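Chemist: For reference, the structure I am asking about is given below.
The values are calculated or read from the model by the stated rules, or taken from the named source; none is laboratory data. Just so you know, these numbers come straight off a predicted model, no measurement behind them. FYI the Cβ positions are ideal-geometry reconstructions off the backbone, even for glycines, and counts take in every protein chain you see. Side chains are part of the model used for accessible areas, which takes the heavy atoms of the whole protein and leaves out ligands, DNA and RNA. Shrake-Rupley method; radii C 1.70, N 1.55, O 1.52, S 1.80 Å.
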Amino acid sequence: MREWTVYIYPHSHVDIGYTNTQANVEILHKRNIDEGIKLGEATKNYPEGARYRWNPEITWPLERYWQSATPRQKEVVVKAIKDGSLCIDASYLNLNTSSCSGEELFQILRFSREMQKLTGIPASTYQQMDIPGMSWGLVPVMAQQGVRYIMAWPNGCRAGNEHMVDEKPFWWVGPDGKSKVLYFQPGSYGNSGSMSKGGQTGRPWFGQRDMDKVPAVIKTDSANVNFVAELNKRERADNPYNFYVVSWCLWDNCPLDADIPDAVRKWNEQYAFPHLVIAGGTEIMEMIEKNYGDKLPTVKGDFTEYWTDGLGTAAGLTAINRNAKERLVQAETLWTMLRPGKGAPRTEFDEAWRYIALGSEHTWCAENPTEPFFQDAIWKVKQSYFHTADDRTQTLFEEALAPATDRSTGALGPAEGPSEGGIAVINTQSWAHGGLITLSWAESQRGDRVTDSLGKDVMSQRLSTGELVFLASDVPALGSAHYQVMAGKCPLTEGGRLVGTKMTNQLLEVNIDPVSGNIIQLQNKETGKNFADVIKDGGINAFRWMPGDSDNARADSAVEIVAVERGPLVVELKVISKAAGCRSVSRSVRLIQGLPWVEISDVVDKLPLSAKDGIHFGFGFDIPKATTRVDIPWGVMEVEKDQLPGGNRNWLTMQRWADLSNEKEGVTWCSLDAPLMESGTMTANQSGTWSGERKPWLKKLEPGSAVYSWVMNNHWFTNFPLTQDGPVTFRYRILPHGVYDAAAANRFGLEQAQPLVSFAAKNNPISKPLLAIEGSRAVTASILKSITGGNSMILRLRSVSDKDETIRLAWPAGNPSSVNLCETEEIAGAKIKDELSVPSNGMVTLKIVW
């Protein structure tokens, strides 16, 4: 045999819930840190390889420990990290990374960067346990944050083709073509420790409610570290390696195994090879890079995730989290725009991001969702993460606006109130654009007429809800505009029209089929092109309910179409229907005068059925030979072309938009509340059990001109809720266009997800914008983030161009004292003057000091 080295990675898989309440899980993993440090100290004089090293796996256990630790405990932790007995990896949580937003991916590395600065020991490895697949957009974030390696330990349950990269390290290049990390998937987690002890020693502590009954460590005075049989399987000509990496984990959320050091010492004393080494992740990855780095393949593409379908099991909470992320980015940007040169309450923002990440974390419910105590206890806390994130982001958003408001912030009062009918509109994007502004009755009780800052009438309309809407135009980039609500009616009466089931504005004509309720005409009035494909499920926005035991999708029935708004600014029809699995379904379609897109709002009032089922909305477009591109964190993924062979094809997870285009024309489609989509046809009906799935997984996606929003399902049998109750709203935007334009698609998606901000104010709050970006439409500011207690901010730029772009930064409100490129983390590096190069499909972080 070869002279093998076996690297043993001791850990306890961190599920925040699942096996026990979140509070008890925290106690257990904090205890493991203490016990791991003690065992490391007790074995510090053991021979090389046998000294114990504890891997908390992610930083959540340490961060929770740190929050309540005494000064002495903190000293012990720092010493343990420095001497190598406590090994810290980079990620805060085990996450569905493709459901994370771009800025969220930075936040999940924040605590490990703080510990790295404190200890001087790099946290260079990103561990991902349990979850098969990983977002391509993580690569540039890791590279920018100084994280060099990924170790992925997937649970193969419901994981399709993910096994295709087992034990085959490779260099993973990001969407920008420049950033790269070393990726290694050793195999499933728990593939040694639990088996060596019969898979039983960790299991009894599932669901033990009294933590005093859980042993501090598991010690049976035996641990089977004989890996010869496994190594024999690897003695193949196509396997060039002489190392083997194993997870030593007794079960999810279980105590550590204290027998390992003695077992390893005894083995190494008896045998020269295989040589055993108890190791941390970075030690393993540095060995691979040193010995094989120049021989490893380089790959590029998205390792499309498999377990994101769980997001559809609680669609309402998923929507809350998606919108909270967008709101928090806007709150960060608003704080910086309205308080230039002043620090933000960084702790409050970071805590809001932490709750958002806890929503994205992969654990939702109990192992057995039918067991009442743990299911109820765990699910209650998991739901609280979403609601707390929502509350915190709402609060920070309102606080960010405070400098621009007066005492009538919430609503316009009597005529003598300080706002006097004034409405400020702020644009948090780095390009000028307009949009529909909606005012409550309290904000608009003075009248139905709206004028701009020059006293010119703008189109407005009193809706059937009592709200007043008006169309803001060309609000300056990172700037604001001011409008006035006045007595009287809007004198502008020419605009959108509604005749029967047909809606028009000056740009589009939309027709709804009175039988199906689907959009059968989405026509560009200038070109005459109808983008609706009536052959594909009868058109656009077609409801489909699908039972989990078959692919026999069923449409809704008993359709009633109601006129909601008749113009001139907004025309809207609502389709009300009955559907299997639901109390009711409503589909609202809107056109807004002056805007070239269609707005859709679908409400599913779901029945809490336990039988497996799923709900899809189909969007069939007449775009022959279409290419589908999907917005992902820090990148744009072309379906199939940009997917790794082991990635999921049955469903995809999008950020804000997808685009279907051929060489002449296409549509950009935004899904604001539901992240899951299917390309071409309904392929996500993949419910199964621990023993397997209902049908084979797709290995290739063929081109298609339809997209399905997979909004709800209950396909999981563990970890996720078995039922969900409606109603839940799903919003979509469809922009017909000519030739595909990545910059236009990305701007459209951002405008919908982070719309114009309006509030009562006497004056225009921003006379001169803080920042202007000149030179490329493809480069946008993704966030302006103020730093606590200082006169500086972080600016992140994103490009969706397929070539490097040179831009110029201008400062209308006054030049900063310095602008520096952050090559690593948010540390100021090379000084930037006026011009800056942003890499193709890449991202740049800058630090600006006033």
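Chemist: Just to check, using Stokes-Einstein with a Kirkwood Rh over alpha carbon pairs, what's the diffusion coefficient of the range 35-83 at 4 °C and 1.567 mPa s in µm²/s?
Modeler: Answer, rounded: 111 µm²/s.
Chemist: Per residue Cα convex hull volume for the range 654-720, in cubic angstrom?
Modeler: So the per-residue hull volume is 103 Å³.
Chemist: Taking R0 as 45 Å, what FRET efficiency do you get between residue 224 and residue 535 from their Cβ-Cβ distance, rounded to the nearest 0.05?
Modeler: 0.15
Chemist: Further, regarding this structure: Report the accessible area of residue 63, computed with a 1.4 Å probe over the heavy atoms of all protein chains in place, in Å² rounded to the nearest 10.
Modeler: Rounded to the nearest 10, that gives 10 Å².
Chemist: Counting Lys and Arg as +1 and Asp and Glu as -1, each charge on the Cβ, what is the dipole of the range 733-845 about the Cα centre in debye, to the nearest 20?
Modeler: 420
Chemist: Provide the net charge surrounding residue 594, with neighbours chosen by a C-beta distance below 12 Å and charges set as Lys +1, Arg +1, Asp -1, Glu -1.
Modeler: -2
Chemist: Using a simple charge model, +1 on the beta-carbon of Lys and Arg, -1 on the beta-carbon of Asp and Glu, nothing else, what dipole does the range 429-572 show about its Cα centre, in debye to the nearest 20?
Modeler: Here the range 429-572 has a charge dipole of around 380 debye.
Chemist: Another one. Might you work out the accessible area of residue 452 for me, using a 1.4 Å probe with all protein chains in place, and round it to the nearest 10 Å²?
Modeler: Result for residue 452: roughly 40 Å² accessible.
Chemist: Once the Cα atoms of helix 110-119 and of the chain are each reduced to a long axis, what angle between those two axes, in degrees from 0 to 90 to the nearest 10, is obtained?
Modeler: Long axis of 110-119 versus the principal axis of the chain: about 40 degrees.
Chemist: Which sequence of 823, 103 reflects their accessible areas, 1.4 Å probe, from the largest down?
Modeler: Most to least solvent-accessible, the answer reads 823, 103.
Chemist: Tell me, what ³J(HN,Hα) does each residue in the range 658-674 have, in order and in whole Hz, if you take phi through Karplus 6.51 cos²θ - 1.76 cosθ + 1.60 with θ = phi - 60° and put x for Gly and Pro?
Modeler: Rounded to whole hertz, the list is 10, 10, 10, 9, 10, 6, 10, 7, x, 9, 9, 10, 10, 10, 7, 10, 10.
Chemist: Can you give the local net charge around residue 258? Use residues other than it whose beta-carbon is closer than 9 angstrom to its beta-carbon, Lys and Arg +1, Asp and Glu -1.
Modeler: Value of the local net charge: -3.
Chemist: Separate question: Quick check on the range 272-369: what are the equivalent-ellipsoid semi-axes from the Cα gyration tensor, as sqrt(5λ), descending, whole Å?
Modeler: The three semi-axes for the range 272-369 are 38, 24, 16 Å.
Chemist: Could you list which residues have their amide H under 5 Å from that of residue 728, counting only those 5 or more apart in sequence or on another chain, with H placed in the peptide plane?
Modeler: Amide H to amide H, under 5 Å and 5 or more residues apart or across chains, residue 728 pairs with 604, 605, 606.
Chemist: Could you pull out every residue, at least 5 positions away or on a different chain, whose amide H is within less than 5 Å of the one on residue 420? Hs are placed 1.01 Å off N in the peptide plane, and Pro or chain starts have none.
Modeler: none
Chemist: Okay, next question. So for the chain, taking the charge dipole from beta-carbon charges (+1 Lys/Arg, -1 Asp/Glu), which of 510, 383, 633 sits furthest toward the positive end?
Modeler: Selected residue: 633.
Chemist: So what is the orientation-averaged projected area of the range 743-850, using the convex hull of its C-alpha atoms, in nm²?
Modeler: Convex hull of Cα atoms, orientation-averaged projection: 7.9 nm².
Chemist: With a 10 Å radius around each residue's Cβ, average the other Cβ atoms per peptide and rank 383-390, 768-775, highest first.
Modeler: 383-390, 768-775
Chemist: OK, next. Semi-axes of the equivalent ellipsoid of the range 197-317: what are they in whole Å, largest first, if each equals the square root of 5 times a C-alpha gyration tensor eigenvalue?
Modeler: For the range 197-317, the ellipsoid semi-axes come out as 30, 28, 13 Å.
Chemist: Still on this structure: With unit charges on the beta carbons (Lys and Arg positive, Asp and Glu negative) and the dipole taken about the Cα centre of the range 70-156, which residue among 139, 94, 112 sits farthest to the positive side?
Modeler: About the Cα centre, the residue reaching furthest to the positive side is 112.
Chemist: Another one. Using a 1.4 Å probe on the protein chains only, how many percent of the accessible area of the chain belongs to carbon and sulfur?
Modeler: Looking at the chain in its full context, I get 50 percent from C and S.
Chemist: Would you kindly calculate the mean projected area, averaged across all directions, of the convex hull enclosing the Cα atoms of the range 67-174, in square nanometres?
Modeler: For the range 67-174, the mean projected area of the Cα convex hull comes to 8.0 nm².
Chemist: If you don't mind, there's one more thing I want to ask. How large is the charge dipole for the chain, taken about the Cα centre, if only the Cβ atoms of Lys, Arg (+1) and Asp, Glu (-1) carry charge, to the nearest 20 debye?
Modeler: For the chain, the charge dipole is close to 560 debye.
Chemist: Mind listing the Cα extents of the range 738-783 along all three principal axes, in Å, largest one first?
Modeler: Here the spans come out as 43, 22, 20 Å, largest first.
Chemist: Could you grab the Rg to Rh ratio for the range 475-625? Cα atoms only, Kirkwood for Rh.
Modeler: 1.06
Chemist: By per-residue mean of other Cβ atoms within 10 Å, what is the highest-first order of 805-813, 362-370, 501-509?
Modeler: Per-residue mean Cβ counts within 10 Å order the peptides as 362-370, 501-509, 805-813.
Chemist: Over all directions, the average projected area of the alpha-carbon convex hull for the chain comes to how many nm²?
Modeler: 35.3
Chemist: Separate question: Give the long-range amide H neighbours of residue 13: residues separated by 5 or more places, or on another chain, with amide H under 5 Å away, using H modelled in the peptide plane at 1.01 Å from N.
Modeler: 251, 253, 254
Chemist: For 637, 459, give me the order by solvent-accessible area with a 1.4 Å probe, most accessible first, ignoring ligands, DNA and RNA.
Modeler: I get 459, 637, largest accessible area first.
Chemist: Please list, in order along the range 335-346, the HN-Hα scalar couplings obtained from phi with the Karplus expression 6.51 cos²θ - 1.76 cosθ + 1.60 (θ = phi - 60°), rounded to whole Hz, x for Gly and Pro.
Modeler: 4, 6, 5, 9, 9, x, x, 10, x, 9, x, 4
Chemist: At a 1.4 Å probe radius, which order do 702, 283, 526 fall into by accessible area, largest first?
Modeler: 526, 702, 283
Chemist: A further question on this structure: Roll a 1.4 Å probe over the protein heavy atoms and report the accessible area of residue 747 in Å², nearest 10.
Modeler: So the heavy atoms of residue 747 present about 50 Å² to solvent.
Chemist: Could you go through the range 743-758 in sequence order and give the Karplus-derived ³J(HN,Hα) for each residue, using 6.51 cos²θ - 1.76 cosθ + 1.60 with θ = phi - 60°, rounded to whole Hz, and x for Gly and Pro?
Modeler: My calculation for the range 743-758 gives 5, 5, 4, 5, 5, 4, x, 5, 4, 6, 7, 10, x, 4, 9, 10 Hz in order.
Chemist: If you don't mind, another one. Leaving out ligands and nucleic acids, note down the accessible area per residue over the chain with a 1.4 angstrom probe, in whole Å².
Modeler: Ligands and nucleic acids excluded, the result is 36 Å² per residue.
Chemist: Where does the charge balance sit around residue 448 when Lys and Arg score +1, Asp and Glu -1, over other residues with C-beta under 10 Å from its C-beta?
Modeler: Summing Lys and Arg as +1 and Asp and Glu as -1 gives +4.
Chemist: Calculate log10 I(q)/I(0) of the range 1-147 for q = 0.14 Å⁻¹, where I(q) comes from the Debye formula with a single equal point scatterer on each Cα and nothing for solvent.
Modeler: The Debye formula, applied to the Cα set alone, gives -0.72.
Chemist: On to the next question. What value, in deg cm²/dmol to 500, does the helix sum -39500 (n - 2.57) over DSSP H runs of n ≥ 4 give at 222 nm once divided by the residues of the chain?
Modeler: The helix contribution divided over the chain gives -6500 deg cm²/dmol.
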